[in-house]
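A.B. asks: Supplied in C-alpha cells, the structure appears directly below.
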Amino acid sequence: MDHTITISGRDATFPAGSGQSVLEAALRANQWLPHACSQGTCGTCKIRVVCGEVEYGTADESILSQADRQAGLALACQSSPRTDVTVAPLEEGAPDGPVHMLRDHRGTVVELSEIACRTRRLVIELDDPMEFSAGQYAELIVPGRGIARQYSMANPPSESTRLEFHIRLTEGGLATERWIFASLAEGDRVDLRGPFGRFAIHDTYPEPAILIGGGTGLAPLKSMVRHALGNDLLPEIYLFHGGRRETDLYDVAYFRALEVADCRFHYHPVLSEENWDGATGMVTDAVVDNFASCKGYRGYLCGPPAMITAAVKALKRRRMAPRLIFREAFTTQQDVVSVPE
C-alpha cells in the first residue's frame, strides 16, 4: 500500500511504495533530504516524525536509541511509512550544487580487472545516463538477493553512461566474495540505482584542495580530481593515497602522468607497512609533513572511519577551517551489523 510523505516546512508531498524508505522516496521525487551512508551507520539522515507512524527498520541502537524513537526520531534511510507521514529533517543543509533525481539503471559490464591486492575495477556501460556530482555513489543490486551495496563513482560526471567503480574484497561479502569476485563477468547485465550522497565537488572554489584517500576511498577522489581539473574548479589539488603495501596502490602510473601533464595537480602515494622509494608511514602523517599550515585550504577525505578521524585531526592541527573539511567514511556491511549471509 502506498502512503504519502510530506516534508514539514516545504511544499513537498510525494508517494512512498510499500517498504520503500523515506529517503529513497524523497530522492526519487527529487526532494533532498540530508544523507551520507544510506546504511544507517552515520545518523546524517535523522528525521523527526511530526505526525503518522513509521517502521524503524534495522537502525542500530548506537545511532538511533530507544530514547530517540520515543522522542519521535527516525533514520530516513532505514524507516518506511506505515501511514501517511509528515517528517522534518534535523539537519536542513542541502548540497551547494545541483540535486540529482534518484533513478533505477541497468547496464552491461565492459571491464572487470584486477588493479591491486584484493581490488577490482568494475566499469559498467549504462543503457541510459546517470546524472551525478563528482564524489557521489551508486548502489549495485546483488542478483537474486534483493540487497544493495554502495560504491562511489571514480569517473567524472561528464562520463554519465560509463561508470567506473573500485571494489575491494570483503570476506564473506554477498556483493564481493560471493558475486563480483566469484561469478560476475564482462558482458553481464547489472542493476543499480543512484546517485546518492552529498560528498561532492561541483562548483568553483578559491581554495586549493587536499584530498586524502585510504584504499578504495580513492574512487570518489579520482572523480573529483578529473572533474575539477577538467572544469577549472580548484586552483591546485594535492592527492594523498594511503595503502599498507605497494600492492595496495593502483592507478599510480595514471596519477604520475597527470602530475606531469598538469602543474595544478600533485600526487602523494604513501605506504604504512612497507619500505619503498616513496613516502612511508600513515597517510595523515604525510600530510602533516608536507604542510606547515593548511589555513586557506579545503579538504576532502574518504576511507575507513579510523583514517577519517585521524585525517580530520591532522588537518585541524594544521589550522584548516572545520567548515572546509568534507568527509565520507567507507564501511562494509559487516561494520553495520553482523548477520548470517
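The values are calculated or read from the model by the stated rules, or taken from the named source; none is laboratory data. Because the structure is a prediction, the values reported are computed rather than measured. Neighbour counts run over all protein chains shown; Cβ positions are idealised from the backbone, glycine included. Areas reflect the complete protein model, heavy atoms only, side chains present, ligands, DNA and RNA absent. Shrake-Rupley method; radii C 1.70, N 1.55, O 1.52, S 1.80 Å.
A.B. asks: Search the range 33-61 for residues being among the hydrophobic types (A, V, I, L, M, F, W, C) and at pLDDT below 90, and hand back the single one that is most open to solvent (accessible area, probe 1.4 Å). Step through it out loud before you land on a result.
C.D. replies: First pass over the range 33-61, keeping only residues among the hydrophobic types (A, V, I, L, M, F, W, C): 33, 36-37, 42, 45, 47, 49-51, 54, 59.
Applying the additional criterion that residues be at pLDDT below 90 yields 36-37, 42, 59.
Working: Ala36: 22, Cys37: 20, Cys42: 61, Ala59: 13 Å².
Ranking the candidates gives Cys42 first.
A.B. asks: To continue, here is another question. Of all residues in the range 122-158, which are assigned to a strand (DSSP E or B), loosely packed, with under 14 Cβ neighbours inside 10 Å and among the polar types (S, T, N, Q)?
C.D. replies: none
A.B. asks: Please indicate, with yes or no, whether at least one residue in the range 198-212 is polar (S, T, N, Q), open to solvent by 30 Å² or more (accessible area, probe 1.4 Å) and not in a strand (DSSP E or B).
C.D. replies: In the first step, residues of the range 198-212 are kept if they are polar (S, T, N, Q); the result is 204.
Checking the rest, the ones that are also open to solvent by 30 Å² or more (accessible area, probe 1.4 Å) come to 204.
Filter again for not in a strand (DSSP E or B), leaving 204.
Yes: one or more hits.
A.B. asks: I've got another one for you. Report yes if some residue within the range 4-27 is touching a residue at least 60 places away in the same chain (Cβ under 8 Å), out of contact with any Phe, Trp or Tyr (no Cβ under 9 Å at 6 or more places or on another chain) and open to solvent by less than 20 Å² (accessible area, probe 1.4 Å); otherwise report no.
C.D. replies: Scanning the range 4-27 turns up at least one residue that is touching a residue at least 60 places away in the same chain (Cβ under 8 Å), out of contact with any Phe, Trp or Tyr (no Cβ under 9 Å at 6 or more places or on another chain) and open to solvent by less than 20 Å² (accessible area, probe 1.4 Å).
A.B. asks: Could you give every pair whose Cβ atoms fall below 9 Å, whose first residue belongs to the range 187-212 and is acidic (Asp, Glu), and whose second residue is buried (at least 18 other Cβ atoms within 10 Å of the Cβ) and part of a loop (DSSP other than H, G, I, E, B), counting only separations of at least 6 or pairs across chains?
C.D. replies: Close Cβ pairs (under 9 Å, with a partner that is buried (at least 18 other Cβ atoms within 10 Å of the Cβ) and part of a loop (DSSP other than H, G, I, E, B)) amount to Glu207/Leu234; Glu207/Tyr297.
A.B. asks: Let me ask another. Over 25 Å from Tyr151 (Cβ atoms), surrounded by 14 or more Cβ atoms within 10 Å (Cβ to Cβ) and either among the β-branched types (Val, Ile, Thr) or within 24 Å of the chain's Cα centre (by Cα) (or both): which single residue out of Leu315, Leu301, Leu258 fits that description? Lay out the reasoning, then the answer.
C.D. replies: On the way: Leu301 fails: over 25 Å from Tyr151 (Cβ atoms); Leu258 fails: over 25 Å from Tyr151 (Cβ atoms).
When all the criteria are applied, what remains is Leu315.
A.B. asks: Something else now. Could you grab me the full set of residues in the range 261-271 that are open to solvent by 50 Å² or more (accessible area, probe 1.4 Å) and either of a type in the set (A, V, I, L, M) or out of contact with any strand residue (DSSP E or B) (no Cβ under 8 Å at 6 or more places or on another chain) (or both)?
C.D. replies: Passing the criteria: Ala261, Cys263.
A.B. asks: Could you please give the count of residues in the range 66-89 that are open to solvent by less than 10 Å² (accessible area, probe 1.4 Å), closer than 18 Å to Ala36 by Cβ and in contact with a His (Cβ under 8 Å, 6 or more places away or on another chain)? Steps first, please.
C.D. replies: The first filter runs over the range 66-89 and keeps only residues open to solvent by less than 10 Å² (accessible area, probe 1.4 Å), leaving 74-76, 79, 85, 87.
With closer than 18 Å to Ala36 by Cβ added as a condition, the list becomes 74-76, 79, 87.
Filter again for in contact with a His (Cβ under 8 Å, 6 or more places away or on another chain), leaving 76.
Counting residues in the range 66-89 that are open to solvent by less than 10 Å² (accessible area, probe 1.4 Å), closer than 18 Å to Ala36 by Cβ and in contact with a His (Cβ under 8 Å, 6 or more places away or on another chain) gives 1.
A.B. asks: A further question follows. If I filter the range 196-204 for residues that are of a type in the set (Phe, Trp, Tyr) and in contact with a Phe, Trp or Tyr (Cβ under 9 Å, 6 or more places away or on another chain), do I get at least one hit?
C.D. replies: So the first thing to find is which residues in the range 196-204 are of a type in the set (Phe, Trp, Tyr), and the list is 196, 199.
The next check asks that each one be in contact with a Phe, Trp or Tyr (Cβ under 9 Å, 6 or more places away or on another chain); those that pass are 196, 199.
For the range 196-204, residues of a type in the set (Phe, Trp, Tyr) and in contact with a Phe, Trp or Tyr (Cβ under 9 Å, 6 or more places away or on another chain): present.
Here is a yes/no grid of residues against (1) under 20 Å from the mean Cα position of the chain (by Cα); (2) open to solvent by 30 Å² or more (accessible area, probe 1.4 Å):
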{"residue": "Asp191", "(1), (2)": "yes, yes"}
{"residue": "Met224", "(1), (2)": "yes, no"}
{"residue": "Glu236", "(1), (2)": "no, yes"}
{"residue": "Glu273", "(1), (2)": "no, yes"}
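A.B. asks: Among Thr161, Thr176, Thr119, which is the only one that is hydroxyl-bearing (Ser, Thr, Tyr), modelled with pLDDT of 95 or more, open to solvent by 40 Å² or more (accessible area, probe 1.4 Å) and in contact with a strand residue (DSSP E or B) (Cβ under 9 Å, 6 or more places away or on another chain)? Give the derivation first.
C.D. replies: Numbers: Thr176 fails: open to solvent by 40 Å² or more (accessible area, probe 1.4 Å); Thr119 fails: open to solvent by 40 Å² or more (accessible area, probe 1.4 Å).
From the options Thr161, Thr176, Thr119, the qualifying one is Thr161.
A.B. asks: Let me ask another. For the range 69-93, what are the residues that are under 13 Å from Cys51 (Cα atoms) and acidic (Asp, Glu)?
C.D. replies: Asp84
A.B. asks: Taking the range 100-116, which residues are under 20 Å from Gln31 (Cβ atoms) and open to solvent by 30 Å² or more (accessible area, probe 1.4 Å)?
C.D. replies: Hits for the range 100-116 are His100, Met101, Arg103, Asp104.
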